[in-house]
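Visitor: Dropping a structure here in structure tokens format, bear with me for questions.
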There are 2 protein chains.
Amino acid sequence: MIGLYLDELEIGRIIPLGSHHFTRDAIVDFARTYDPQPFHLDEKAGRRGPFGVLSASGWHTAAGWMKCYVATNQAAEAKLRAAGKTPAPLGPSPGFENLVWHKPVKPGDTITYTLTVTGKRALASRPGWGLLFSHSTGVNQDGDEVFAFDGKVMTPVRTSSG
Amino acid sequence: MIGLYLDELEIGRIIPLGSHHFTRDAIVDFARTYDPQPFHLDEKAGRRGPFGVLSASGWHTAAGWMKCYVATNQAAEAKLRAAGKTPAPLGPSPGFENLVWHKPVKPGDTITYTLTVTGKRALASRPGWGLLFSHSTGVNQDGDEVFAFDGKVMTPVRTSSG
């Protein structure tokens, strides 16, 4: 993650992932394609729906996290390369746990995502690789946490890979 | 879920959610917008990437589940309405657990999603509502499970709401 090896990512490290702005058009476009429940598609149905407001699909909020996560990683890797270093590659994620949508994401909201490293372990099955555990949150412009989950990602170990 | 009240959804019930076909264009479009890692964007980077093949963003696989889930619910509700019945509304999901991406989803894959009811309980905090627990899977055309997670969704209780 962020071009670093498992050894270099200390538990407790906070990695700001940046923000994603949710426009009405993007909310409706995503919903039309992947989550066409009425309260994700128009204001009137939103007012009558479970949140009392037009809101983004929860999967859209998650996709916004992914966008910020990839951008943060790519920027960090580019910075290491510019400094003449070889970034650790970002590995795939086997999955995650405990995803929570606390509050609706509304048109015009800007969600700021933050990841905290919560644990790590070497993978006996994949020498040279380990799993990095993390907790991510999404907070809106009013300071309300709207989204959280516990992620994990395969991360190379420096001592055996470089 | 599927227009039924919590009372009517027995544990162990299997709900087929239908299939989603992943074209190369849709895989690349989704990735460009939400997950622009090279191995989701072109074949050459896919071959060099962690899966050895161009593959869909894991969030795209999840969004395909959502699309099938909403379509299945809307079809079931329409059928109940056509029979003169009032479907139970589909409630929001507070989140989910244990999401796993077992295998890559490749261009041309068709993923068939299935949900199994695994538990339910009334919500003391929300009279008339309960939580329905479920396990969902996504299986490709070769019979390989590529995706799974444990979901929960707020579901009305008939005895107090209708």
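Visitor: Looking at the range A:120-137, which of its residues are at pLDDT 95 or above and either among the small types (Gly, Ala, Ser) or not in a strand (DSSP E or B) (or both)?
Guide: Listed by number, the residues that qualify are A:130, A:134, A:136.
Visitor: Separate question: State the number of residues belonging to the range B:138-154 that are part of a strand (DSSP E or B) and away from every other protein chain (no Cβ under 13 Å).
Guide: Kept after step one, since they are part of a strand (DSSP E or B), are these residues of the range B:138-154: B:138-139, B:145-154.
Next, only the ones that are away from every other protein chain (no Cβ under 13 Å) stay: B:139.
Final tally of qualifying residues: 1.
Visitor: I need a count of the residues in the range B:4-55 that are within 16 Å of the chain's Cα centre (by Cα) and of a type outside the set (Val, Ile, Thr).
Guide: Final tally of qualifying residues: 8.
Visitor: Need the failing condition index for residue A:83 against (1) without any contact (Cβ under 8 Å) to a residue 12 or more places away in the chain; (2) under 17 Å from the mean Cα position of the chain (by Cα), just the number.
Guide: (2)
Visitor: Considering only the range B:1-119, give the helices (runs of 4 or more DSSP H) lying wholly within it that have at least 1 residues that are at the interface with chain A (Cβ under 9 Å from one of its Cβ atoms).
Guide: B:24-34, B:58-82
Visitor: Which condition does residue B:71 not pass, out of (1) surrounded by fewer than 20 Cβ atoms within 10 Å (Cβ to Cβ); (2) over 29 Å from residue B:156 (Cβ atoms), if it passes all the others?
Guide: Condition (2) is where residue B:71 drops out.
Visitor: Shifting gears a bit: Looking at A:91, A:130, A:64, which is the one that is crowded, with 17+ Cβ neighbours inside 10 Å, closer than 16 Å to residue A:21 by Cβ, in contact (Cβ under 8 Å) with a residue 60 or more places away in the chain and under 22 Å from the mean Cα position of the chain (by Cα)? Step through it out loud before you land on a result.
Guide: Values: A:91 fails: closer than 16 Å to residue A:21 by Cβ; A:130 fails: closer than 16 Å to residue A:21 by Cβ.
Going through A:91, A:130, A:64 in turn, the sole match is A:64.
The values are calculated or read from the model by the stated rules, or taken from the named source; none is laboratory data. In this text the structure is predicted, and so the values were computed from the model without any measurement. Note: ideal-geometry Cβ built from the backbone for every residue, glycine included; neighbour counts use all protein chains shown.
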